[in-house]
Amino acid sequence: MKKDTKEFDPDRLVLSKKEILEFCDKVLAKWKVEPETNSRNIVAMTTVKTSVFWTDEESLEAIWSEILKWTFELMYKNAIAQTKEENSEWSPVLEKLEKKERSNPFEPDIWY
């Protein structure tokens, strides 16, 4: 959060490029413990790290802020799919929420 504002926005990226690159390094270090198992993941994360390295701070903020927003939507949709797959008792409730979400054309595409 910027010091000159009191508004909290959990979707706004405030991490620096350096911090994102450090995160990529941590993930790579974890996966490199079992390189045969994680070879595709290592290649993909190395690509992500390279793109972060070559992207300017302003673009990183815009891109990663959207990724943060999408993460919440994906988690919600994944929970719905998981309950359907497991035939959970929550499945009908979440299906009703999903139908209600789609029934209002004036709402934004993102659930929250």
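Laboratory data are not the source of any read-out in this text; all were calculated from the coordinates shown. What you see is a predicted model; the values in this text were computed from it and never measured. Note: ideal-geometry Cβ built from the backbone for every residue, glycine included; neighbour counts use all protein chains shown.
Points worth noting:
- Residues Val43, Val52, ranked from the fewest to the most other C-beta atoms within 10 Å, line up as Val43, Val52.
- Interatomic Cα distance distribution for segment 13-55, bins of 5 angstrom, percent: 5, 25, 30, 21, 12, 5, 1
- Simple spin-label estimate for Ser39 and Glu7 in nanometres, 7 Å along Cα-Cβ: 4.9 nm
- Using a simple spin-label model with pseudo-atoms 7 Å out from Cα toward Cβ, Phe23 and Glu86 lie 2.6 nm apart.
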